[in-house]
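One structure is given below, encoded as structure tokens.
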Amino acid sequence: DEMDVDTIWMDGEFVDWEDAQIHVLTHGLHYGSGIFEGARCYDTEEGPAIFRWEEHLERFYQSAKPYEMEIDHTAAELTEATLELIRRQDLASCYIRPIAFYGYESLGVSPGDCPTKTAIAAWPWGTYLGEDALENGIDVMVSSWRKHASSQIPTNAKTTGLYVNSMLAGEEARRNGYAEAIVLNKEGDVAEGPGENLFLVRDGELYTPGLSESILDGITRDTVITLAEDLGYTVHDNVSISRGELNTADELFFTGSAAEVTPIRKVDNVVIGDGSRGPVTEEIQSKFFEVVERRTDEYDEWFDYV
Ligand code: PMP
């Protein structure tokens with residue numbers, strides 16, 4: 001396997017990679033009835049530190065709610081399991097993937113007595129959108145696929161089944177030579193990326209689609225809003241952004257636990273700003289990395305040290 005993992009935490013135990021198995025009649029496999037998280041642990045002067053773990057765990061439990069999924073482990077247990085997973089594998093920095101899903105009991109759509117299975121994996125993971133994405137930005141396309149509306153499926157829950165939409169949009173973009181997609185919501189306004197939130201810069205102010213635009217309530221989105229406001233920027237975080245506004249933006253960037261802060265230089269081959277990482281994006285991105293790498297004492301409450 002190309003994932004450099006030897007230990008996985010599963011249902012309360014640390015198991016070897018090859019023993020972390022599930023049954024082919026697992027409910028979550030058939031119906032997408034799983035919820036998950038993606039967090040990063042950064043290599044800092046004080047050793048590995050998980051960024052905004054509490055918020056990720058909180059969203060994990062919240063995501064389970066619409067599906068009436070009871071996670072059999074407390075936040076304290078999941079935290080200890082994660083810290084131990086990082087220690088056991090001696091990871092300096094890593095991506096962390098907790099998941100909970102309905103297992104096998106019966107195969108009706110109703111999960112009935114299906115047990116909830118819970119697992120956590122951690123592995124080293126570099127830049128999500130390619131080596132030079134952070135510095136030079138990426139080219140994206142507006143997907144022909146629309147994001148599901150929050151009236152059709154809870155988009156504020158990080159549910160496994162939702163990600164077939166992300167896959168369709170992302171793969172369509174890559175098939176057409178772009179690094180990633182921007183997905184519009186059912187109304188035709190900008191929602192987000194397949195695994196990222198989106199920010200627009202215009203006349204020195206920041207704009208990002210509001211929570212009612214069928215987006216995931218991203219933790220990096222929240223981080224960037226906080227950092228930008230603390231840097232003195234005005235952030236409009238409850239707006240609708242029309243497709244055309246993408247083209248006329250001074251700057252655009254994606255945010256996400258995997259994507260971090262990734263500049264966008266072209267949308268549908270229309271050059272955004274001057275076609276490189278813009279000055280506002282650069283300032284926020286460099287603040288973001290200063291914070292997550294703990295090159296500052298600020299925002300220490302956002303970290304769990306391993
Ligand atoms: N939107 C979607 C659809 C996502 O999958 C993600 C990644 N979790 C994000 C936005 C960004 O969220 P976060 O910053 O919490 O990783």
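The values are calculated or read from the model by the stated rules, or taken from the named source; none is laboratory data. What you are looking at is a predicted structure, and each value in this text was computed from that prediction instead of being measured. So basically every Cβ, Gly included, is an ideal-geometry build from the backbone, and we count neighbours across all protein chains shown. Side chains included, ligands, DNA and RNA excluded: accessible areas come from the protein's heavy atoms. Shrake-Rupley method; radii C 1.70, N 1.55, O 1.52, S 1.80 Å.
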### Message
Quick check on GLU293: is it within 20 Å of the chain's Cα centre (by Cα), touching a residue at least 12 places away in the same chain (Cβ under 8 Å) and more than 16 Å from the ligand (Cβ to nearest atom)?
### Response
yes
### Summary
If we ask which residues in the stretch 128-150 are among the aliphatic types (A, V, I, L, M), outside any loop (DSSP other than H, G, I, E, B) and within 13 Å of the ligand (Cβ to nearest atom), their number turns out to be 0
### Message
Can you list residue pairs whose Cβ atoms sit under 9 Å apart, with the first residue in the stretch 216-231 being under 24 Å from SER150 (Cβ atoms) and the second being loosely packed, with under 15 Cβ neighbours inside 10 Å and of a type in the set (Val, Ile, Thr)? Count only pairs 6 or more apart in sequence or on different chains.
### Response
none
### Query
What number goes with the only condition from (1) in a loop (DSSP other than H, G, I, E, B); (2) free of Cβ contacts under 8 Å to residues at least 24 places away in the same chain that GLU58 does not pass?
(1)
### Query
Does the stretch 245-255 contain any residue that is within 24 Å of the chain's Cα centre (by Cα) and small (Gly, Ala, Ser)?
yes
### Task
Would you mind listing the helices (runs of 4 or more DSSP H) fully within the stretch 151-251 where at least 2 residues are within 16 Å of the ligand (Cβ to nearest atom) and open to solvent by less than 20 Å² (accessible area, probe 1.4 Å)?
163-175, 219-230
### Set ILE86, ILE35: member being within 16 Å of the ligand (Cβ to nearest atom) and crowded, with 19+ Cβ neighbours inside 10 Å
ILE35
